């Protein structure tokens, strides 16, 4: 009788143990993508990013209000909206990569082995840092540009081969982009750890000239 | 005596479980609550600003279209602007194409070491977009955010931002373009090898389907052309 009680008690305890162990493991393993579980550091970065985006939107709204009033006055005078339309055309030509572009920015030089995924990540990082126009060597990156790799390891941009060394140039706020690239733990630091024999250098540029998109897509 | 060791283990696990829950809860409330409020407030503000921007763009567009009849130069400029607006992603685009869904693995059995392989990453989205452009896509949107020349897919912690908008899985990537070419691009075994492997081994949600009559919204963010001038 005593033996049976002992076995039952041990079984019950073992079951509890199993249950608790599973619960504990799941509490640590189950991954939630809720914003509520972000660390304070991640939330602070998110907030800075959101605030910066909102500032950009506010600036553009202010500018557009002025331009709308100006266009309204121009149209009321019966002169069409030539001044405003020309401004808009200029802005769109830069945004759609349909014109060569001049301005300040940065350049990223890559000498050594590199691949299409890393190139795509670099372009993504530059765009996030506010790049207005980007080119790789002599090829402009457009809104629909894609990156690939040939069997001989040369990179391709929109199917056009580009042999290294590569220079990625970006027009935009030089300091913002420079810091975004070179900060501790940033993309260049990560590249340096992954592509150990490749040399990366980032520099601020005062007068870049980027070509227009070579073959704008149709449709 | 037989029960001493299990009893000790039992006590340890109860204590560990209780502490895990308690610490997580306290930390979340103390440090994250105000930051979370600020992030949500900024995202709401962004939605309002984008609506204002869309309204202003429409007003300006209406004025320009109305004035285009006033002289030939205005008409020519307006036609060129319309073409560029479409090329830049500032107009809605409809048509057939494919839909790609990407989601975290839903099974709860994933081991801690493999959690990273069972969830979506920003690089998965950029890879999916890259294949779409390669396959001849004409327009792409990720969870309603149009992919344009300035679009970045950014990851902070486990949260993903597209065009500066917060989003989380599941992701629906709508692609307008030639269906067969797009499906071939996604079926190509040389493409998205990592995603396909994580789908097969770790249960990552990844699916490409043929879709008809898709509508991809226009880009609603700022153009932010400040430093570049045409040359």
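Using only C-alpha atoms and all pairs of different ones, pull out the Kirkwood radius for the stretch B:87-141 in Å with one decimal.
By the Kirkwood definition, the hydrodynamic radius is 13.7 Å.
Take every residue in peptide B:38-44, count the Cβ atoms of other chains within 10 Å of its Cβ, and give the average of those counts.
On the way: counts 6, 10, 2, 2, 9, 6, 0.
For peptide B:38-44, the averaged partner shielding equals 5.
The distance between label points at residue B:106 and residue B:190 comes to 3.5 nm (points 7 Å beyond Cα on the Cα→Cβ vector). Taking the longest Cα principal axis of chain B as reference, the axis of helix B:193-202 is set at about 40 degrees.
Between B:178, B:34, B:170, the residue with the greatest mean-square fluctuation in the GNM of chain B (Cα pairs under 10 Å linked by springs) is B:34.
Residue by residue along A:139-145, Cβ atoms of other protein chains within 10 Å of the local Cβ number 5 on average. Applying 1/(1 + (r/R0)^6) with R0 = 56 Å to the Cβ-Cβ distance of residue A:52 and residue A:73, what FRET efficiency is obtained, to the nearest 0.05? My answer for the efficiency is 0.95.
Hydrodynamic radius of chain B by the Kirkwood approach over all distinct alpha-carbon pairs: 21.4 Å. By the helix-only formula, in which each DSSP H run with n ≥ 4 contributes -39500 (n - 2.57) and the sum is divided by residues, chain B has a 222 nm mean residue ellipticity of -16000 deg cm²/dmol. Over 23 Å apart: what share of the alpha carbon pairs of the stretch B:114-221 falls there, rounded to a whole percent? Tail of P(r) above 23 Å: 26 percent of Cα pairs. Ordering B:209-218, B:54-63, B:148-157, A:193-202 by mean Cβ neighbour count within 10 Å, with the highest value first, yields B:148-157, B:54-63, B:209-218, A:193-202.
Throughout, read-outs are computed from the coordinates displayed, never taken from laboratory work. Note that this is a predicted model, so its numbers are computed, not measured. Please note: Cβ atoms are built from the backbone with ideal geometry, for glycine as well, and neighbour counts cover all protein chains shown.
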